[in-house]
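Novice: Dropping the structure in here first, questions after.
The values are calculated or read from the model by the stated rules, or taken from the named source; none is laboratory data. Since we're looking at a predicted model, the values are computed, not measured. Every residue, glycine among them, receives a Cβ derived from its backbone with ideal geometry; neighbour counts consider all protein chains shown.
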Amino acid sequence: MIAVVVAASLLIGISLGILGGGGSILTVPILVYLAGVEAKQAIATSLFVVGVTSLAGVVSHARAGRVRWRTGLIFGAAGMAGAYVGGRLAEFVPGTILLIAFGLMMVATAVAMIRGRKEGPKNVHTELPVGRVVLDGVVVGLVTGLVGAGGGFLVVPALALLGGLPMTVAVGTSLLVIAMKSFAGLAGYLSSVQIDWELALIVTGAAVVGSLLGGRVAGRIPQEVLRKGFGWFVIVMGVFVLGQQVPAQVRDTVLGSPVTWAVAALAAVAGVVALLRRRREGDRAEDTRASQLTR
């Protein structure tokens, strides 16, 4: 089982290195369902894993000039305050509630990834609206510290829109922010949660290797395809996490019902039809542009 955990941990780092997010969204399910770690301990451990892995990932992005230190430090400082408060508040919230919130966060961020976000302005030297950045940083940090998720998938678009950073630069800068917030959230958790440091170091080591690999291939993989593919994967994981919180009797009844599978089949068909229709519209638009160019 440890080999499976290590292999899965590589995906944590690769996700962070390429997307600038997704670390905790993968780490918590890996620790809970593969390593058998209790929910709160898994969230606390994920903050350590993601913090160290993000810090390692900053190196490769910084070498390529994809980190804006001033923007990251401002956002990160505000996020640290929110993450620490979130980590302390988590002490008073049942683990089941945290996992439900975590699953909902997974689905919400995955939908945002699949839909995509417009890239921000290209002027990377635009002055930041400091008050807005501080407020957003605190809110994102609070979510990160409370449920151990929502870091990169909220930070990246915020940096692109507020700071005017291109997406590739926002990804690199987000790793600095995530590292700062993760360590702050971890400090809040350590007041009430004990971490299995041997397991944490094993997972972190594998994730750091994945982060370095992801940072080296960042920009070479079509971001549109990667983002949407990863988004669907996160949706599946989120539904799985939410399903695990449903009482076994209710879960067995729902899964055993023909209505459930009929609805699932109809949804799958509708999804395929929508995808084919969108692809056909894209082909038509491409043909129209081509014909206009030949005139």
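Novice: Which of the residues that make up the stretch 29-43 are in contact (Cβ under 8 Å) with a residue 12 or more places away in the chain and over 15 Å from residue 90 (Cα atoms)? Can you show your working first?
Specialist: Initially, the stretch 29-43 is screened for residues in contact (Cβ under 8 Å) with a residue 12 or more places away in the chain, giving 29-35, 37-43.
The answer is 29, 30, 31, 32, 33, 34, 35, 37.
Novice: Being more than 18 Å from residue 238 (Cβ to Cβ), of a type in the set (A, V, I, L, M, F, W, C) and modelled with pLDDT under 70 is the filter here; which residues of the stretch 135-163 pass it? Reasoning before the result, please.
Specialist: Step one: filter the stretch 135-163 for residues more than 18 Å from residue 238 (Cβ to Cβ), giving 135-142, 145, 155-163.
Applying the additional criterion that residues be of a type in the set (A, V, I, L, M, F, W, C) yields 135, 138-140, 142, 155-156, 158-162.
161, 162, listed by residue number.
Novice: Let me ask another. Residue 172 - would you say it is of a type in the set (Gly, Ala, Ser) and closer than 15 Å to residue 55 by Cα?
Specialist: yes
Novice: Moving to a separate point now. Residue under question is residue 187, and the condition is that it be at pLDDT 90 or above, in the same structural domain as residue 87 (by TED's automatic domain parsing) and in a helix (DSSP H, G or I); does it hold?
Specialist: On the way: at pLDDT 90 or above: no; in the same structural domain as residue 87 (by TED's automatic domain parsing): yes; in a helix (DSSP H, G or I): yes.
So residue 187 fails the test.
To keep it simple, each residue is scored yes or no on (1) closer than 25 Å to residue 206 by Cβ; (2) in contact (Cβ under 8 Å) with a residue 12 or more places away in the chain; (3) part of a loop (DSSP other than H, G, I, E, B); (4) under 18 Å from the mean Cα position of the chain (by Cα).
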position	(1), (2), (3), (4)
13	yes, yes, no, yes
18	yes, yes, no, yes
27	yes, yes, no, yes
45	yes, yes, no, yes
52	yes, yes, no, yes
66	yes, yes, yes, no
75	no, yes, no, yes
88	no, yes, no, no
110	yes, yes, no, yes
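Novice: Now for a different question. Only one of these conditions is not met by residue 62: (1) at pLDDT 85 or above; (2) small (Gly, Ala, Ser); (3) touching an Asp or Glu at 6+ places or on another chain (Cβ under 9 Å). Which number is it?
Specialist: Failing condition for residue 62: (3).
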